[in-house]
Amino acid sequence: MRSLRDTLTGKPRVVSGFVDDAFEPPRGAVLDVRDPATGEIIAQLHESDAAEVDAAVMSARRAFDTGPWRKATVDERQRVLMRIHDAILAHADELAEMESINTGIPIRQTRGMHVPRAAYNFRFFAEYIGQSAGEVYTQEPGYLTMVLREPLGVCALIGPWNVPLGLTSMKLASALAFGNSCVVKPSELTPLTVARLFEIMQGCGLPPGQVNLVNGRGHVTGAALSGHPQIDMVSFTGGTETGAAILGALAGGIKGGAMELGGKSANIIFDDCDFDRALDGALMGVYANNGQMCLAGARIFVQRGIAERFIDAFTARTCAIRVGDPLDPQTELGPMINAAQSERIAHYVAVGQEEGARLLAGGKPHPGFDAGNFVEPTAMLVNDNAARLCQEEIFAPFATLQVFDSEEEVVALANDSRFGLAGYIWTGNLGRAHRVAGAMRTGTVWINTPMVRDLRSAFGGYRESGLGREGGRGCEAMYTEQKTVILPLEERPIPALGRLS
Ligand code: TXE
């Protein structure tokens with residue numbers, strides 16, 4: 001049997017939008033989508049122009065204003081969401097393979113985490129809406145004051161290329177669960193699995209127009225979508241500059257958005273940590289997902305007492321990471337999404353060397369491959385947190401290591417960043433762990449563990465890492481309007497204006 005890669009390479013898949021309950025006939029500009037491991041074209045993406053975006057938004061608008069979904073019972077919505085969950089799991093192998101071919105992320109991670117997470121997103125929000133509640137205030141004598149939640153409307157969901165299905169399905173599942181209509185725009189670099197999800201969702205029971213798909217580049221399709229007057233919000237994951245542009249487009253309409261943006265997270269390793277676990281965690285924290293991860297612990301701070309031993313061990317393990325075909329279950333690091341991303345490694349090594357940093361490992365394209373965007377995992381020793389290497393998001397398998405002496409010093413260094421998405425602490429001292437977690441200006445802190453995500457909890461960033469929180473209650477706040485309804489429990493006197501004359 002031909003592999004999916006052979007099939008896609010032999011006959012690139014035609015990907016087009018899904019508007020008003022039908023896949024769009026291919027039209028508009030055609031963009032090549034490439035397999036980052038081979039450089040081969042695997043899909044031809046038909047870019048949605050402003051007219052197609054308008055049709056998608058208006059389809060979602062009609063579905064919201066006149067369709068059945070927002071008024072559907074919780075039971076009905078749960079049934080549909082659970083059917084989507086089951087359908088994703090039934091296609092899990094195919095989706096994982098497709099995601100690895102399109103993104104370069106190792107199959108161990110797409111099959112082991114991303115695709116199961118995509119399915120779980122639908123189950124989680126199906127269960128969540130079964131338990132969510134409004135508020136009732138009784139303190140005002142004689143009145144019952146209720147705060148109810150209603151769906152927000154038409155949600156524009158703009159996804160990134162680093163975890164396309166996992167992150168976009170989170171937006172889609174939560175927006176739908178709370179009764180909204182959606183227009184989804186995946187990254188033009190990685191449209192395949194989200195388009196496949198739209199096929200898979202057929203027959204799961206979503207009403208016509210409830211979900212729409214547009215594809216294309218940010219400045220064409222993305223800008224038309226986020227600037228459309230009939231959307232009610234944007235949920236966006238991507239770069240900080242793009243997030244700022246989207247917020248600008250929303251400001252005129254006094255609309256909001258959820259922004260999950262960049263990061264440059266600190267990983268603090270104290271002398272008294274469990275050395276082996278901290279080492280494993282630091283490697284995972286920066287090199288998982290090919291290092292293209294918003295919550296990467298890319299700035300590693302090691303306390304002086306163990307610094308030499310830790311840096312030597314980290315360097316040796318970095319050099320031993322298995323770089324290879326993302327479809328090989330043994331691969332630990334696949335290719336970068338495109339040439340521009342892989343060139344960032346050599347670029348930042350040069351920047352670092354100019355700034356006085358020392359190359360510990362990697363630093364160049366991986367020599368073992370004739371094609372594809374393969375790079376060596378890279379680590380540099382830096383002595384100044386003000387260096388560009390420590391301040392700019394590289395978004396690649398690139399670690400900086402710095403040595404520190406005291407707790408106060410390392411907290412200041414960790415917080416010396418325009419970003420504030422995540423942080424990691426490794427120590428055997430519980431009091432210190434809590435103190436440092438409290439002092440870190442970040443949305444999430446992991447203590448003695450690499451990233452673990454409980455969907456019930458809030459996820460999002462301080463400062464330039466974003467706005468709003470995803471997760472159970474965070475998504476409920478993001479995708480609903482609050483409405484206060486006041487009811488007198490007895491006849492209360494009303495000032496009788498106009499009766500005096
Ligand atoms: O992302 P973009 P890029 C960071 C990372 C990376 C940098 C740039 O540092 O190097 O961002 O990556 C759509 N209106 N992250 O340029 O452009 C675009 O089509 C509306 C962090 O590839 O932000 C895609 O669907 N939409 C990150 C999505 O935005 C626009 C994940 C993200 O692409 C648009 C990815 C516009 N004007 C990159 N311009 C994370 N937080 O995990 C672009 N888009």
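List of remarks:
- Checklist (1) open to solvent by 10 Å² or more (accessible area, probe 1.4 Å); (2) closer than 23 Å to Arg418 by Cβ; (3) without any contact (Cβ under 8 Å) to a residue 40 or more places away in the chain; (4) more than 8 Å from the ligand (Cβ to nearest atom) applied to Glu241, failing item: (4)
- Residue within segment 225-232 that is in contact (Cβ under 8 Å) with a residue 12 or more places away in the chain, surrounded by 24 or more Cβ atoms within 10 Å (Cβ to Cβ), outside any loop (DSSP other than H, G, I, E, B) and touching a strand residue (DSSP E or B) at 6+ places or on another chain (Cβ under 8 Å) present: yes
- Residue pairs whose Cβ atoms lie under 9 Å apart, sitting 6 or more positions apart in sequence or on different chains, and linking a residue in segment 338-350 that is polar (S, T, N, Q) to a partner that is within 12 Å of the ligand (Cβ to nearest atom) and open to solvent by 20 Å² or more (accessible area, probe 1.4 Å), are Asn338/Trp161; Asn338/Leu189; Gln341/Phe395.
- Ile105 meets all of the listed conditions (1) buried (at least 18 other Cβ atoms within 10 Å of the Cβ); (2) part of a helix (DSSP H, G or I) but one, namely (2).
- So Thr138, is it within 16 Å of the ligand (Cβ to nearest atom) and either open to solvent by less than 10 Å² (accessible area, probe 1.4 Å) or among the hydroxyl-bearing types (Ser, Thr, Tyr) (or both): no
- Single residue of Ala72, Ala60, Ala56, Ala50 found to be touching a residue at least 60 places away in the same chain (Cβ under 8 Å), over 19 Å from Glu199 (Cβ atoms) and open to solvent by less than 40 Å² (accessible area, probe 1.4 Å): Ala72
- Scanning segment 171-194 for residues that are within 16 Å of the ligand (Cβ to nearest atom), open to solvent by 10 Å² or more (accessible area, probe 1.4 Å) and in contact with a Leu (Cβ under 8 Å, 6 or more places away or on another chain) gives a single hit, Glu188.
- Condition met for Gly262 (of a type in the set (Gly, Ala, Ser), more than 11 Å from the ligand (Cβ to nearest atom), open to solvent by less than 40 Å² (accessible area, probe 1.4 Å) and in a loop (DSSP other than H, G, I, E, B)): no
- Of the strands (runs of 3 or more DSSP E) entirely within segment 364-430, those holding at least 2 residues that are in the same structural domain as Gly352 (by TED's automatic domain parsing), modelled with pLDDT of 95 or more and aromatic (Phe, Trp, Tyr) occupy 398-404, 422-426.
- Failed criterion for Gly257 (all others in (1) open to solvent by less than 50 Å² (accessible area, probe 1.4 Å); (2) farther than 16 Å from Gln402 by Cα; (3) at pLDDT 95 or above; (4) within 16 Å of the ligand (Cβ to nearest atom) hold): (3)
The values are calculated or read from the model by the stated rules, or taken from the named source; none is laboratory data. Here the structure is a predicted model, which is why all the values come from computation and not from measurement. Positions of Cβ are generated from backbone atoms using ideal geometry, with glycine treated the same way; all protein chains shown enter the neighbour counts. These area figures cover heavy atoms from the full protein model, side chains too; ligands, DNA and RNA do not enter into them. Shrake-Rupley method; radii C 1.70, N 1.55, O 1.52, S 1.80 Å.
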